[in-house]
Amino acid sequence: MKQSKITFLTSIGSGLEYYDYVIYVIFAGFISQNFFPSSNRAAALFATFGVFAIGNIIRPLGGIVLGIFGDQVGRKKIFSATLLWMALATFVMGITPNFATLGLAATIIFSMCRIIQGITCGAEIPGAATFLLEHTHEKRHGLHFGFMTSTVGLGSSFGLLVAWFLTKILGNEAMSAWGFRLPFLFGGTLALIGFFIRKNVPETPAFLAMEKTERRYFSIFSSGEHLKQVAKTIGILIFPACFITFFLALPVYLHDIYGYSFSDIYLAMTVGSLWTSTLIPLFGWASDSLIKRRTLLFITVLVFVIFSFPVFSILGLKTRLALFGFVLFGKTIIAAMAASYFVLLPQAFDTAIRYTGTSFSYNVAYTIAAFTPLLMNYFYGVVKQPNYIVGMLILLALITISSTALLRMK
């Protein structure tokens, strides 16, 4: 099978699964009303984002367990199964009765589905990264990974587009009553279709070659060198993970602090996600031929550190131009980072531990990032200091800059 076709089939599944994963946080406001009711909006959002955090906390466990199976029985089997599990969990979330109908059982069922999403997502994107690294030529990794990552961004864009369209057509009352369920039902159905598409992708040559040799089980915890690589890759991912999660939780932040309408926010974020999906392949191509990936990541994060406070300050203008300018700046930073770290991550590990190492590092970083919405809610909802959010992101950016400089590639 041609490398371009493999990349396409891999990417479609990843985009669909990411759509299923992000719609939870996109519709957090409506979910909190239906499954985590409270007279205090901040408390309801804390509960909703708390379950989001739990779903991410479980990701390293899912990533390392499924990663071990991926290193032992094959990338393809695990890579296909994750999409099926995600589809089923998402569909059930769409049909679960709310708290008013089913009581605490509704909250438990919805939360358990979110945890299943976290487990499967723990192996999805790391699996896609491992799959593409072992299927495509190293001189074209940036372009292939750029396409895959852009479809992940399109999955997010699609979720935001659905949110904008539904809130525009139905309004908040209908969305809260039943409209928020439609994206889950639609996403579960699409992911099931993606599962059948993904089943046609062949196993990677690197894994098949490894199977022919006499080998024993290797663990990412079996040597100090492996652990150092894990620590460095987590450091590289920590700012991108937190910044991307920050953007997922942006609707509530922009609405509650600056008073932007949800309709304008969803539109701006949809445009921003489409912008990101366009830029990522271009940055990926540039990382193949014009600039080293580590250099691209280093410069991008440094640009954020330098310009973050001025860019955040323009939100105070409370105009559509300010909103779109802020979103496009952030999405450009995300695009450049994604074109870099998605390739650097699997490259940091040997074939025998690549799926496990990639999954564990990726998911530990995103587990930490899962607390970003909670901290955001605390900083602006309790402490009343939204500037603390910018300071937190700058500190995380400095960790990524340091880790990028120290990473040793395989």
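The values are calculated or read from the model by the stated rules, or taken from the named source; none is laboratory data. Everything numeric here is computed off the predicted structure, so don't read it as measured data. Using ideal geometry, Cβ is built from the backbone for each residue, glycine included, and neighbour counts are taken over all protein chains shown. Ligands, DNA and RNA are stripped out before the accessible areas are found, and what is left, the full protein with its side chains, is counted by its heavy atoms. Shrake-Rupley method; radii C 1.70, N 1.55, O 1.52, S 1.80 Å.
Listed values, structure above:
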| quantity | calculated |
| --- | --- |
| For residue 174, net neighbour charge (Lys/Arg +1, Asp/Glu -1) across residues whose Cβ lies under 14 Å away | +1 |
| Angle in degrees between helix 59-72 and the longest Cα principal axis of the chain, rounded to the nearest 10 | 20 degrees |
| The range 185-291 - accessible surface per residue (Å², probe 1.4 Å) | 43 Å² |
| Volume per residue of the C-alpha convex hull in the range 265-374, rounded to whole Å³ | 123 Å³ |
| Helix 104-135 vs. the chain, principal-axis angle (Cα, 0 to 90°, nearest 10) | 40 degrees |
| Tilt relative to the chain, helix 41-57 - C-alpha long axis, 0 to 90 degrees, to 10 | 10 degrees |
| Viscosity 0.890 mPa s, 25 °C: Kirkwood-radius Stokes-Einstein D of the range 279-325 over Cα pairs, µm²/s | 196 µm²/s |
| Summed side-chain charge close to residue 76 - residues other than residue 76 whose Cβ falls under 9 Å, Lys, Arg +1, Asp, Glu -1 | +3 |
| Sequence-distant aspartates and glutamates (8 or more away, or on other chains) whose Cα lies within less than 19 Å of residue 292 | 138 |
| Convex hull volume per residue in cubic angstrom - Cα atoms of the range 126-216 | 128 Å³ |
| Cα-based Rg / Dmax (Å) for the range 81-236 | 20.0, 62 |
| Whole-percent carbon and sulfur share, accessible surface of the chain, 1.4 Å | 71 percent |
| Whichever aspartates and glutamates have a C-alpha closer than 18 Å to that of residue 318, once near sequence neighbours (fewer than 8 apart) are set aside | 256, 264 |
| When each of 5/228; 2/212; 228/331; 76/212 is checked by Cα-Cα distance, pairs over 26 Å | 5/228; 228/331 |
| Residue-averaged [θ]222 nm for the chain, counting only DSSP H segments that reach four residues, each worth -39500 (n - 2.57) | -28000 deg cm²/dmol |
| Debye intensity ratio I(q)/I(0), log10, the chain, q values 0.06, 0.07 Å⁻¹ (C-alpha model) | -0.22, -0.30 |
| Cα centroid separation - the range 252-327 against the range 142-185, whole Å | 18 Å |
| Residue-span extension gain [residue 328 to residue 374] - 0.36 nm each, minus C-alpha spacing | 14.2 nm |
| Proximal aspartates and glutamates relative to residue 139, as straight alpha-carbon distance under 17 Å, when same-chain residues fewer than 8 apart are discounted | 288 |
| Summed residue charge, Cβ within 12 Å of residue 12's Cβ, Lys/Arg positive, Asp/Glu negative | +1 |
| Potential extension, residue 3-residue 172 segment - 0.36 nm per residue separation minus Cα distance | 56.4 nm |
| The range 154-203: Cα Rg divided by the 2.2 N^0.38 Å rule of thumb | 1.46 |
